[in-house]
Amino acid sequence: MKYGPIEIIDKFGRAVVLRNAVSSDAESLIRYLRITTSETPYLIREPDEVTLTPEQEKKFIDSCLISDKKLMLIATLNGKHIGNCSLSPVGVYRRYSHRCEVAIALYKEYCGAGIGKQMLSAVLDIAKKIGYEQAELEVISDNSNAIAMYEKLGFIKYGEFPNNMKYTDGKYANAYWMMKKL
């Protein structure tokens, strides 16, 4: 799906551009995944599990651009990729056609600036406009900053997954399933 670009202003008065990811962003997105997975324990994979090739990432980006139900939105500051937010259907069957999944992450240095909230708000608005009735996400239960943001945007906790993730050190993390009616 095509979107933007639009400009938002973060809490520090910086102009941030939200736009579609395009094929030329593939290597930047792969680098971003490797770095963000090492900066936080809240993402689903370890840095060494980011094994996408630029060709695979380009194919994914292109699939989002031609889809009427998927979106990969990236945020840039002064032309530098600083985060992204995605929208995708929960499943391919009509019985799931009212549900979408959202995911968001920023480089650590840009967290807390209001960028994520504005980016996710934009994606939720798009989801509603294209006919989704509810947005869903999973969040690690001790990620209090993300949970607070999701709740401000109207997400409600509907369930908990015990031992959702197991870290390399053997520790487990629970996750909440959250949903927002659109």
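The values are calculated or read from the model by the stated rules, or taken from the named source; none is laboratory data. Keep in mind that this is a model prediction, so the values were computed, not measured. Don't worry about glycine lacking a Cβ; one is built from the backbone with ideal geometry, like all the others, and counts go over all protein chains shown. These accessible areas exclude ligands, DNA and RNA; they are computed on the full protein's heavy atoms, side chains included. Shrake-Rupley method; radii C 1.70, N 1.55, O 1.52, S 1.80 Å.
Numbers at a glance
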{"quantity": "Modelled FRET efficiency - R0 45 Å, residue 138 with residue 78, Cβ distances, 0.05 increments", "calculated": "0.90"}
{"quantity": "Among (1) 61, 34, 33; (2) 39, 36, 36; (3) 47, 33, 28, the entry that matches Cα extents along the principal axes in Å as calculated here", "calculated": "(2)"}
{"quantity": "All lysines inside 16 Å of residue 80 as judged from Cα atoms, apart from same-chain residues fewer than 8 positions distant", "calculated": "108"}
{"quantity": "Qualifying trypsin sites (Lys or Arg not before Pro) in segment 81-182, DSSP loop, other Cβ atoms within 10 Å at most 12", "calculated": "171"}
{"quantity": "Given 12 as the ceiling on other Cβ atoms within 10 Å, longest exposed-site-free region of the chain for chymotrypsin sites (Phe, Trp or Tyr not before Pro) in DSSP loops", "calculated": "13-92"}
{"quantity": "Taking only Cα atoms of segment 79-182, radius of gyration then Dmax in Å", "calculated": "14.4, 43"}
{"quantity": "Counted charge near residue 141, where neighbours are those whose Cβ lies closer than 11 Å (Asp, Glu -1; Lys, Arg +1)", "calculated": "-2"}
{"quantity": "Carbon plus sulfur fraction of accessible area for the chain, probe 1.4 Å, in percent", "calculated": "51"}
{"quantity": "Percent antiparallel among DSSP beta bridges (both partners in segment 51-182, rounded to 5)", "calculated": "90"}
{"quantity": "The chain, accessible area per residue, ligands and nucleic acids excluded (1.4 Å, Å²)", "calculated": "56"}
{"quantity": "Global geometry of segment 1-97, whether rounded, prolate or oblate, following the gyration tensor of its Cα atoms and the 1.5 cut on a/c", "calculated": "oblate"}
